[in-house]
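What follows is a short report on a single structure.
The values are calculated or read from the model by the stated rules, or taken from the named source; none is laboratory data. This is a predicted model, so every value here is computed, not measured. Cβ: placed from backbone, ideal geometry, glycine included. Neighbour counts: every protein chain shown. These area figures cover heavy atoms from the full protein model, side chains too; ligands, DNA and RNA do not enter into them. Shrake-Rupley method; radii C 1.70, N 1.55, O 1.52, S 1.80 Å.
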Amino acid sequence: MNITLFKNRIFNEILSITSIMAIFFYLDVKLGILINASEFILHLAPNLNGYLITIVGSMWAGLLVYSYFRRKQTLSAVLAKKHVKAELDGQKLIDLNTGLPNRNGFERIVNDTSLLLDNPYWIVLGIEISNAKSLKNAHGIDVGRAVEREFAKNLTGFSTESEFIALDEGSVFYMICTSDAEDEVDFRADQIVDKMSEIAENGIETDGKLHNIRLSFAAVKSNSIDRRNVRPEMDGLAKRLGFALRQRASSKMLVCFDDTMEIAMQRQLLIEATLSEAIKSKQIIPNFQPIIDINSSQVVGFEVLARWHHPVEGDISPEEFVPVAEEQGLLGTMTVNLMKLSCDIAQHWPEHITMAINISPTDLRNEDMVLALIDIMNDYGIDPNRLEIEITEHAFVADADSVNHAVSLLKEQGISISIDDFGTGYSSLHQLRTIPFDKIKIDQSFIKDLSTNLDSQAIVRSVIALGQSLGLAVIAEGIEVGINFDVLKQMGCTQGQGYLFAKPMSGADVLTLFEMEDGRLSSAVLAA
Ligand code: C2E
Ligand code: CA
Ligand code: CA
């Protein structure tokens with residue numbers, strides 16, 4: 001305990017004891033509640049002073065009442081723990097690997113005991129071994145389990161008698177700390193984070209081998225839940241901890257769930273609840289962003305970008321709903337719908353205009369899905385040479401074999417393949433050597449500051465040179481200002497895309513543009 005906490009604690013305790021003593025003293029003087037006891041003591045020791053007996057009696061009564069309340073909180077945790085332990089044993093509520101309560105066991109602790117209700121302040125920590133999956137993939141499931149076990153031992157060893165620990169799926173540990181002082185729970189949480197981080201830094205040893213672990217920490221605190229209306233329950237806590245754990249953008253060691261996250265989480269829940277219907281009822285539609293030939297400034301194609309205008313939330317970005325569709329197993333239906341809607345529009349475009357569509361790794365893993373896309377292309381009479389599939393670089397890193405297979409199927413049909421977000425993965429060069437790509441899309445992060453950042457210039461220049469020597473087209477995305485367009489042109493980049501030319505537009509707007517320009521779009525028209 002640090003000095004300030006210690007001083008606060010002492011001050012609070014003295015104050016509480018004195019207050020209770022004063023109450024007893026008052027009650028005795030006014031009502032004589034200790035009168036019988038003092039008469040009895042005077043009878044035994046007639047030399048004692050009556051007032052002294054009252055003061056000492058009040059002190060003892062005060063101390064007894066105070067310590068009863070002081071211990072009650074700790075006692076309730078200890079009793080709850082004993083009760084739960086007895087309940088959990090033999091009821092499939094224990095994680096067999098670590099012996100800790102599992103998610104259901106934790107649910108029992110939170111929902112069926114009044115632990116969180118009894119204590120004025122509590123913090124529930126979520127501690128995730130974020131590289132657990134890659135550890136299991138790299139070293140096998142047994143090593144993964146041994147690391148989990150060892151970490152569980154460390155966490156339990158560091159916990160106090162009144163703290164609860166459980167282990168959920170996905171190597172997420174929960175820990176409940178309670179107190180009657182807010183700064184104490186905060187301090188304790190920091191202590192746990194520091195200690196566990198130190199353990200992670202030193203590595204976990206199993207079978208004589210040292211394994212590095214990475215930890216993420218999140219917390220839900222008693223004051224982040226509206227306690228007047230909401231009883232803290234497991235599902236809500238786990239959801240909030242999971243949400244906070246996924247906020248990787250935060251550089252803070254411990255991510256505390258707060259009001260802003262509550263709003264974001266409610267939005268996410270709304271997306272999850274309404275996405276299925278939106279996909280089925282074709283509320284998700286394609287928009288099209290022009291791709292420009294940098295030398296001639298002519299439009300050579302369009303990239304299909306999914307758009308969802310939510311009736312309550314307004315426009316929702318594909319970056320938000322594509323992962324949800326993926327999680328819910330709805331992505332395939334969404335992709336097929338989008339492909340149909342896009343081909344329906346693209347069949348009316350001039351024949352030299354290409355259409356690029358983004359396909360997620362999940363879709364590519366499913367051969368039927370790839371064949372379905374080819375069928376749709378044929379049904380709408382779209383020439384395969386006009387179709388490009390954009391695959392993000394990360395896909396190749398995660399699942400090279402199935403992506404390779406899908407790429408072969410598509411290439412056999414004459415469909416082109418682009419590697420999207422190039423430069424953001426970490427095995428780019430290897431992929432370029434092994435997979436027959438047609439185009440490299442340089443990620444927009446390198447283009448945004450191109451004219452001023454020498455590092456970006458060096459990277460873009462070498463990617464263009466790489467494309468040239470491999471005979472691949474190179475496209476730069478995210479061109480927002482003329483100066484970057486000029487730099488790219490000078491560097492010999494072949495194609496470009498960005499707000500400088502046009503934002504993604506509806507299918508109807510594309511057709512209007514073609515009508516206006518008689519099938520030949522100039523960048524001047526698009527930028528207007
Ligand atoms: P992406 O494939 O890298 O698409 C480019 C994103 O950059 C698009 O965002 C586009 O609107 C935006 N963009 C284009 N030019 C500029 C510019 O000059 N400045 C800025 N700041 N942004 C620009 P959008 O439409 O929000 O899509 C985001 C991501 O969502 C896409 O990144 C893609 O990965 C994914 N996505 C979009 N549609 C689909 C889809 O139909 N299927 C799948 N699987 N993913 C999709
Ligand atoms: Ca793309
Ligand atoms: Ca991209």
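Which angle between 0 and 90 degrees, to the nearest 10, do you get for helix 234-245 versus the longest principal axis of the chain when only C-alpha atoms count?
Taking Cα atoms only, the helix is inclined about 50 degrees.
Counting only helical runs of four or more DSSP H residues, what would the 222 nm mean residue ellipticity of the chain come to if each run contributes -39,500 (n - 2.57) and the total is spread over all its residues?
Value at 222 nm, helices only, nearest 500: -17500 deg cm²/dmol.
Taking θ = phi - 60°, what integer Hz values does the Karplus form 6.51 cos²θ - 1.76 cosθ + 1.60 yield along region 447-453, in sequence order, with x for Gly and Pro?
3J(HN,Hα) across region 447-453, in whole Hz: 8, 3, 10, 4, 5, 10, 9.
Using alpha carbons only, how many degrees (0 to 90, rounded to 10) separate the axis of helix 400-412 from the longest principal axis of the chain?
So the helix axis and the longest Cα principal axis differ by about 20 degrees.
I'd like to compare 136-144, 486-494, 100-108: which one has the highest average count of other Cβ atoms within 10 Å, and what's the full order after that?
Highest to lowest by the protection proxy: 100-108, 486-494, 136-144.
Could you please state how large a percent of the accessible area of the chain is carbon and sulfur, counting protein chains only and using a 1.4 Å probe?
54 percent
How high is the relative contact order of the chain, in percent, counting Cα pairs under 8 Å that sit 6 or more residues apart?
Here the relative contact order equals 10 percent.
Taking the Cα centre of each part, how many Å lie between region 101-125 and region 440-464?
Here the two parts' Cα centres lie 51 Å apart.
Helix 3-31: angle to the longest alpha-carbon principal axis of the chain, degrees 0 to 90, nearest 10?
Between helix and principal axis, roughly 40 degrees.
Roughly how far apart, in whole Å, are the Cα centres of region 474-511 and region 153-175?
52 Å
With every protein chain left in place, what is the accessible area per residue of region 285-516 in square angstrom, probe 1.4 Å? Write out the running numbers ahead of the final one.
Working: 10040 Å² over 232 residues.
Heavy-atom accessible area per residue stands at 43 Å².
Please work out the C-alpha center-to-center distance from region 13-31 to region 350-379 and express it in whole Å.
80 Å
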